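See below for the structure under consideration.
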Amino acid sequence: MDFGTLIDAALSSALGPQAIVFALAAIGLNVHFGYTGLLNFGQAGFMAVGAFGLAVSVTTWDLPFWVGIAIALLATVVLAIILGVPTLRLRADYLAIATIATSEILRLIFGSVEAKETFGGSNGLTGFSTTYKDLNPYNSGLDLGVVSFSRNDLWSITVGWSLVAISCLIVWSLMRSPWGRVLRSIREDEDAVRSLGKNVFAYKMQALILGGVFGGIAGIFHVLKQASAVPTDFNTTFTFYAYAALLVGGAARVLGPVVGSILFWFIIAGLGSFFSQATSGTDPLIPASIMTDTQASLVRFIVLGLGLMLLMIFRPQGIFGDRREIAIDGR
Amino acid sequence: MLLTPSSAMAQATPTPTTPAAGTPAENPLVDGQNITVTLLDVKGGKGEPAPVPGVTLTVFKDKSGGEQIGTQVTDTKGRVSIPIPANGVYVVTLDQDTLPEGVELSGGAENEKTITARISGNNFAQFQIGAAVAEKVAFSEKLTNSVVSGLKFGLIIALAALGLSLIFGTTGLTNFAHGELITFGGIMTYVFNRGFGMSVILAGVCAVIAGAIFGYAQDKILWGPLRRRGTGLIAMMIVSIGFALLLRSVFQYTFGGSTRTLSQYVAQGRDDYGPISLSPKEIAIFVIAIVAIVIVCIAMMKTRLGKSMRAVSDNPDLSASSGLRVDSVITSVWVLGTALTALAGVLLALNQQVNFQMGFKLLLLVFAGVTLGGLGTIWGALAGSLIIGLLVEVAPVISIGGYQPVPASIKDVGALVVLILILLVRPQGLLGRAQRIG
Amino acid sequence: MAADVSAARAALAGVPNEPGASKPDPIVKGDNIVRTFGGLKAVDVEHLEIQRGVITALIGPNGAGKTTLFNLLTGFDEPDSGDWAFNGKKLSNVPAYKVARLGMVRTFQLTKVLSKLTVIENMRLGATGQRGEKFWSAAFKSLWSAQEDANTVRADDLLARFKLDAKREDFAGSLSGGQRKLLEMARALMVDPELIMLDEPMAGVNPALKQSLLEHVKSLRDEGRTVLFVEHDMDMVRDISDWVIVMAQGQIVAEGTPQAVMADQAVIDAYLGAHHDTDISEIDVEELETEAEAELAAQSKETPTHD
């Protein structure tokens, strides 16, 4: 067992681009679910719209990069409005089903043969990230001994964590304001807020748009860091993983989604590396009769599912949350 | 190895095929790396597929007309097995002149297949014979066929939807692990069938029983204790998401990522019944599903247990105060609901194949069916599921002025759009009672 | 102020004790308000007027439609038909939050304090026209901190008046039933309503607290507000109300001064009988049907309260 490799794998995932995508998506979910109590199960849809908004603008329509970014963000706002106008009046679990269905519809359409001309079919789109790459100021990668990053990853990490920091700052300054107080009150009891003369629907819509835009940014960043937009990346399971990351860190806490995503990827990548090493080689630690290397890659998902259950049952407030304040115990 | 195109449409080709002279009795299956082709005439999906003997097949390296690797004539089983030296790209050509009288290639009459050999054993190639090109089929026939398969699909969804609806009705849980309960039924059928060597029918029965036990265990170990702790419904919903991830990964871990078939009734031909053509297993699926649904509905209406289930689902507090043992009723609901859902998995395995995410892929359609009909109502779940099944299968067949509203490649989209529209327009579903929402 | 009150009460002296009687200075006026659940008419009010500046009590047996009428008037539910106006402004199809902004604020039978916010945050939430509640200015504290401070001063005054100042920093969830009622009332006052509608202010309140709660309700009138409340506690109705409206099966069946209504033996027998200490909370079909069935089956048997 090579613990150096293990730590490198765990740390480079936990601090690398993948965790950043999760952190951004989970910050959005935190606005939706953590603060406002909106059960958005379609965050992958918001990401997909952001991602393909950029990819289609630049690759298919030949528009400049920054116009593409603007279109991508606008598209997530439009999706939030289209989704919100009718569904925000629904019960929490109905909203969950409506959003999950929407994100699946989007994924299927983006990947369909019929729309291949626009969205590139199941292979998706590439060739929209030149501007992003050209902006890279680094000349080489970074090797810190325990963890190393390539030149591209280093650039993505710089951009990504800056985005995360700005997003957290925005969320923090909004949630300490009276606006944030209205959201937290809506999470607890809409009717009480309504009876005090607040337009609950407008607040929910604002929250949905804000969180959706964070999701869109996550999607944009995701396709930029890997230089391709592939529809299957934006499946429902992603949304669930992002929820897991949020809940690990603690909902309704500004840094909850960030710490959650880092921990999530540290555990996932660490477990992956551990079991992959334990099952590889001529004389593996775990004999192939018990676990093959294919199976080894699945152990982390088993742990993930079990972990999410146990977390929800025994510590729903996550690591940082305050149980007295957490939203997820109501009907 | 199944070489029948799964979605073969009808166009009859004459039968039987007579072996030409010089047909080998049986070509030996080569031990080492080879390319194996089995020619079967699927006869447009009607009747049993028949092997096509006496056809000359040639394997070239890299391209047709390139270095010839070997040539062979199909045996009485319609099979050739030609050894190849190493991994790489090979082209198999079929000499159309050697095809028996009345047997024709379908699927664009392609007589060349390119194979990238990566496996050290058998590398398979497939030629379509007797499978009609869909465009040639009359619209009415396409419509009839899609309605039939839509109803079949809808009935399978309905079984799972009944399970989901029962559980939702009594516990209020939106169970995201419900798809995995379908998969459980499918995989259990496979395990009993292939693992323990039971017949498919017996394996199916055992899988349903296993489903019932699984439901009981779930309620005793997981959901019951959570209920008694007073865990909120949203928290329970997230627990069910974790449970779904857990189960799906465990299925993949133990069952593997591949798609597998049961030992019997795999490639059945269809017989004509008036305008409809059905294979025996499809008839069985219809009969089993309808009988199961009717029994459940009658039981819910007539039996004491059924009545208490409905009472609990109407008003748990009142039922509790009027002396009903709510907890034991909920346990029975889990047993019944999971068993029904496992049955859906059994039928799905029989209809198609077994895969670790067969149920997960169905989950949203089941939600759609239940929501469409009205959450928590039996008849609603039933009607909604049938509509969803029809929608998924029929919508791709319809084209308006050459424009297809729902392309076949994304046929689920139509059903999902309906799901959203229903939530917007009539959230209580078609048959649900109006109540205050939100 | 006090003079206004006596004047208003004096004005009521001339009003006939009959259902739908017209008042000299109505703040709320409604006609033909109908709301059905399934086939059941939960509310069927032909004509309704609420006098300005007095305390009006709304009483009636279980399922009489009192809470439903509350919900309809305040925009929390939509009627099948009917018109009503507040200060002459028509309120049909006006959403609940706008009704509240117009100055018609309600409380709930099952107290809706936000238990995961502190008491003072609950109070601050009540203030209207907050700049910090606008999305674009919320992120910049300098834009709203002055207004927030002013609101906090006002909130502290109200907390002191309702004797909740000691609980200022506690989570509202830790308050007792009576304290929650007080907090909800104080929070409603942050909106500065003209008409305050209290849905069972005494339900679940410790008897020791009742007297001070009564005084608080009276003080609302004494500072010039109109009060409409639903109540089962007959002592309270007799003590503090200036006018009583009796509902049964969705209709207004009697109206008058407390003395006149209490004296009406028919009213007591028919509508207040055995049911006068329970009520259903949130009206919905199942509960209404259950109620109806239960009432048919056993007139004397009490049905449980659901939430």
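The values are calculated or read from the model by the stated rules, or taken from the named source; none is laboratory data. This one's a predicted model, so the numbers in the text were calculated from it and none came from an experiment. Every residue, glycine among them, receives a Cβ derived from its backbone with ideal geometry; neighbour counts consider all protein chains shown. These accessible areas exclude ligands, DNA and RNA; they are computed on the full protein's heavy atoms, side chains included. Shrake-Rupley method; radii C 1.70, N 1.55, O 1.52, S 1.80 Å.
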Angle between the Cα long axis of helix B:304-314 and the longest principal axis of chain B, 0 to 90 degrees, nearest 10? 80 degrees
Pair B:A217, B:D271: separation of 7 Å Cα→Cβ label points (nm): 4.0 nm
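For A:I319 and C:K141, FRET efficiency with R0 = 25 Å and r from the beta-carbon atoms, rounded to 0.05?
Numbers: r = 28 Å, r/R0 = 1.12.
According to the calculation, E is roughly 0.35.
Could you sort out which of C:K23/C:K98; C:K23/C:K66; A:K198/C:K89; C:K66/C:K181 sit more than 23 Å apart by Cα distance in this structure? Show your work: numbers first, answer last.
Numbers: C:K23/C:K98 25 Å; C:K23/C:K66 20 Å; A:K198/C:K89 20 Å; C:K66/C:K181 19 Å.
Beyond 23 Å between Cα atoms: C:K23/C:K98.
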Under 14 Å from the A:A227 label point (7 Å along Cα→beta-carbon), backbone N, the range A:134-167: A:134-136, A:150-156
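Pop out the carbon and sulfur fraction of the accessible area of the protein assembly as shown as a percent, whole number, probe 1.4 Å.
Details: 24970 of 42810 Å².
So the carbon and sulfur contribution to the accessible surface is 58 percent.
Work out, in µm²/s and without decimals, the Stokes-Einstein translational diffusion coefficient of the range B:159-358 at 20 °C, 1.002 mPa s, Rh from Kirkwood over C-alpha pairs. Please list the in-between numbers first.
On the way: Rh = 17.7 Å.
Reported coefficient: 121 µm²/s.
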Heavy-atom accessible surface that B and A bury in contact, both chains counted, 1.4 Å, Å² to 100: 4100 Å²
The Cα extents of chain A along the principal axes, largest first and rounded to whole Å, are 69, 51, 38
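Go ahead and run the numbers for FRET between A:E117 and B:M301, Cβ-Cβ distance against an R0 of 45 Å, rounding to 0.05.
Computed FRET efficiency for A:E117 and B:M301: 0.25.
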Could you tell me how far the Cα centroid of the range B:377-393 sits from the Cα centroid of the range A:16-57, in Å? 32 Å
Relative contact order of chain B, please, whole-number percent, based on alpha carbon pairs below 8 angstrom and at least 6 residues apart. 19 percent
Quantify how strongly other chains surround peptide C:126-135 by giving the mean number of their Cβ atoms within 10 Å of each of its Cβ atoms. 5
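Can you give me the accessible area per residue for the protein assembly as shown, using a 1.4 Å probe, in Å²? Show your work: numbers first, answer last.
Working: 42810 Å² over 1076 residues.
Counting only protein heavy atoms, the per-residue value for the protein assembly as shown is 40 Å².
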Beyond 60 Å, the calculated P(r) of the protein assembly as shown holds a percent of Cα-Cα pairs equal to 21 percent
To the nearest whole number, what is the average tally of beta carbon atoms from other chains within 10 Å of the beta carbons of peptide B:404-411? 4
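Mean 1/r over all different Cα pairs, inverted: what Kirkwood radius does the range B:359-433 give, in Å? Intermediate values should be presented prior to the final figure.
Numbers: mean 1/r = 0.0806 Å⁻¹.
In the range B:359-433 this quantity evaluates to 12.4 Å.
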Ranked highest first by average number of other Cβ atoms within 10 Å, how do A:230-239, C:245-254 line up? C:245-254, A:230-239
Summed side-chain charge close to A:V31 - residues other than A:V31 whose Cβ falls under 13 Å, Lys, Arg +1, Asp, Glu -1: +4
Mind pulling the per residue volume of the convex hull built on the Cα atoms of the range C:117-174? Å³ is fine. 82 Å³
How many nm separate the modelled label positions at C:D165 and B:E112, each set 7 Å beyond the Cα in the direction of the Cβ? 9.5 nm
Compute, for B:Y403, the solvent-accessible surface of its heavy atoms (probe 1.4 Å) with the complete set of protein chains present, and express it in square angstrom to the nearest 10. 150 Å²
What area, in nm² and to one decimal, does the C-alpha convex hull of the range C:110-257 cast on average over all directions? 10.4 nm²
Enumerate the lysines that B:K361 could reach by cross-link, defined here as Cα to Cα under 22 Å, with residues fewer than 8 away along the same chain left out. B:K152, B:K411
Those lysines that a straight Cα-Cα span of less than 23 Å connects to B:K220, excepting residues fewer than 8 apart in one chain: B:K307
Which aspartates and glutamates, if any, have their Cα less than 12 Å from the Cα of C:K90, not counting same-chain residues under 8 positions apart? C:D31
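Using packing as a proxy for protection, rank C:130-141, A:278-289 so that the peptide with the highest average count of other Cβ atoms within 10 Å comes first. If you can, show how the numbers build up before the last one.
Working: C:130-141: 17.8, A:278-289: 11.8.
Listed from highest to lowest mean packing, they are C:130-141, A:278-289.
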Rounded to the nearest 100 Å², the accessible area hidden between B and C, summed over both chains at a 1.4 Å probe radius, is 800 Å²
Point-to-point label distance, B:D97-A:I81, nm (Cα→Cβ direction, 7 Å offset): 6.9 nm
Size of the A/C contact, given as accessible area buried on both chains, probe 1.4 Å, in Å²: 2900 Å²
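List the relative contact order of the range B:175-300 as a percent without decimals, with contacts defined as Cα pairs under 8 Å and 6+ residues apart.
Working: 74 pairs, mean separation 34.9, N = 126.
Computed over the range B:175-300, the figure is 28 percent.
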Find, among the chymotrypsin sites (Phe, Trp or Tyr not before Pro) in the range A:81-170, those assigned to loop by DSSP (not H, G, I, E, B) with at most 12 other beta-carbon atoms within 10 angstrom. none
In peptide C:91-99, what is the residue-averaged number of other protein chain Cβ atoms found within 10 Å of each Cβ? 3
Low-density loop trypsin sites (Lys or Arg not before Pro), the range A:137-181, at most 15 other Cβ within 10 Å, DSSP non-H/G/I/E/B, are A:R176
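Please work out the FRET efficiency for the pair B:S263 and B:D62, using the Cβ-Cβ distance as r and a Förster radius of 35 Å; give the result to the nearest 0.05.
Numbers: r = 38 Å, r/R0 = 1.10.
After rounding to 0.05, the efficiency reads 0.35.
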